[in-house]
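Only the coordinates and a few stated rules stand behind these numbers; no lab work does. No experiment lies behind these values; they were computed from the predicted model shown. Positions of Cβ are generated from backbone atoms using ideal geometry, with glycine treated the same way; all protein chains shown enter the neighbour counts.
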Amino acid sequence: MNNGKRSIFLLSTLSFGLAFLYVPMIMLIIYSFNKSKIVAIWGGFSTKWYAVLFDSPEVWEAVALSFKIATVNACFATLLGTLAGLALVRFGRFKGRTLFSGMISAPLVMPEVITGLSLLLLFITLKEFIGWPDERGFTTITIAHITFSMAYVAVIIQSRLAGMVQDLEEAAQDLGAKPLRVLIDITLPLLAPGMVAGWLLAFTLSLDDLIIASFVTGPEAVTLPILIYSRIRLGLRPDINALATIIILVVAIGVLIAGYIMLRQQRQRELDLSMVAEEK
């Protein structure tokens, strides 16, 4: 295959993949302005379903709960995942490392049904022995999401550390900086792009989760995926399309902001490395 045919093949494959991912989203956005009550039939342009959406307290309670859970989960998952990644990459061989690495990787391959069921049994057992939790809801969902989200963050941090040179850290240690100061002033700023990516991934995983949340939630705590799934079973309304459009817009803005931050961090890192090279 010559270069011209290879380029056409790669371009066609890329175009098909992008279309497969984004055309459904574009159609969803278009149909959020559908006047008809039937989701799949175009009845003319209208914004009435956005008005219906903003007058639906049930939806916004689910949105608020989901975003609250996702934010808390992302923060704790990023913290714990970063510590786990640092331990696996920078602490070398230590007793129990293989077991620890396996426990970190297990949520990545474990079926969500098994994870959700095991956490449900855990919370039931804890309530019988210590009386906690009183009811399943925000706390139990957040703990469950942290359990599997931190594994994804740990993998991102591990890959970031594996590809990160230690020249700046070694230079700081040669100048007398203590390990904790090196960690705070050098390592963590260099890890910032990976931590931002891990935070966004953990946030998205939590916001998108249905299976695990359905196991560990109670009747008073309804997340957005659970609400949408329940409405699909009874008949989907176009106001859900409007809600999905708003979420896509918010996520797109968040991705752009995160990309800008990561680009600045990468440029600063390249500048620091060039300064270290010049000093040597």
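Things to note:
- Residues that are among the polar types (S, T, N, Q), in contact with a Phe, Trp or Tyr (Cβ under 9 Å, 6 or more places away or on another chain), part of a loop (DSSP other than H, G, I, E, B) and farther than 12 Å from ALA244 by Cα within the range 15-60 comprise SER36, SER46, THR47, listed in sequence order.
- Pairs, first within 20 Å of ILE38 (Cα to Cα) in the range 239-253, second in a helix (DSSP H, G or I) and of a type in the set (Phe, Trp, Tyr), C-beta under 6 Å, six or more apart: ASP239/TRP49; ASN241/TYR31; ALA242/TRP49; ALA242/TYR50
- Members of the range 39-71 found to be closer than 15 Å to PRO238 by Cα, in contact (Cβ under 8 Å) with a residue 24 or more places away in the chain and not small (Gly, Ala, Ser), listed by number: VAL39, TRP49, TYR50, VAL52, LEU53, VAL59
- Residues that are under 17 Å from MET262 (Cβ atoms) and either surrounded by fewer than 15 Cβ atoms within 10 Å (Cβ to Cβ) or touching a strand residue (DSSP E or B) at 6+ places or on another chain (Cβ under 8 Å) (or both), drawn from the range 180-194: LEU188
- Filtered by the rule that a residue be assigned to a helix (DSSP H, G or I) and without any contact (Cβ under 8 Å) to a residue 12 or more places away in the chain, the range 145-182 gives GLU170, GLN173, ASP174, PRO179, LEU180, ARG181.
- Sole residue being buried (at least 19 other Cβ atoms within 10 Å of the Cβ) and more than 20 Å from ALA162 (Cα to Cα), chosen from LEU205, LEU210: LEU205
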